[in-house]
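Take a look at the structure set out below.
Each reported figure results from applying straightforward, stated rules to the coordinates on display, with no laboratory input. Since we're looking at a predicted model, the values are computed, not measured. Cβ sites come from the backbone with ideal geometry, for glycine too, and all protein chains shown count toward neighbours.
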Amino acid sequence: MVFKEGTFKGEPPEHFEAPHPAWLEQAVADALSVAGDVDASDVTVTCEGTRIILSGNISSPQEAERATAIAASIANVSSVDNRLSWL
């Protein structure tokens, strides 16, 4: 019997030293959704490593700052890139 190294569609599997980015995205999105002072209904949360990227529209600059603070407060988040715009 021949054992082959595991791959995904010909690529080696990704290994993460920190929590998987999807878990980090979910944790930040959950925190934003329950925050009473931020309307995050049009905010997208993505992750590159442990850096969180917030994009989309929000009501005011104050809400954008609050959303950044909430995202930064989540465990394992190294930095937050705020790309939010307001009307």
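So here's what we get for this one:
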{"read-out": "Residues (under 16 Å from Ser33 (Cβ atoms) and in a helix (DSSP H, G or I)) located in segment 43-63", "value": "Glu63"}
{"read-out": "Subset of segment 70-87 [more than 14 Å from Ala27 (Cα to Cα), of a type outside the set (D, E, K, R) and outside any loop (DSSP other than H, G, I, E, B)]", "value": "Ser79, Asn82, Leu84, Ser85, Trp86"}
{"read-out": "Enumeration of residues in segment 42-65 that are surrounded by 16 or more Cβ atoms within 10 Å (Cβ to Cβ) and farther than 23 Å from Pro21 by Cβ", "value": "Glu63"}
{"read-out": "Scan of segment 31-41 for residues that are surrounded by fewer than 18 Cβ atoms within 10 Å (Cβ to Cβ) and not in a helix (DSSP H, G or I), ordered by number", "value": "Ala35, Gly36, Asp37, Asp39, Ser41"}
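Per-residue answers, yes or no, for (1) touching a helix residue (DSSP H, G or I) at 6+ places or on another chain (Cβ under 7 Å); (2) of a type in the set (S, T, N, Q):
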site: His20; (1), (2): no, no
site: Leu24; (1), (2): no, no
site: Ala31; (1), (2): yes, no
site: Val34; (1), (2): no, no
site: Ser41; (1), (2): no, yes
site: Cys47; (1), (2): yes, no
site: Ser55; (1), (2): no, yes
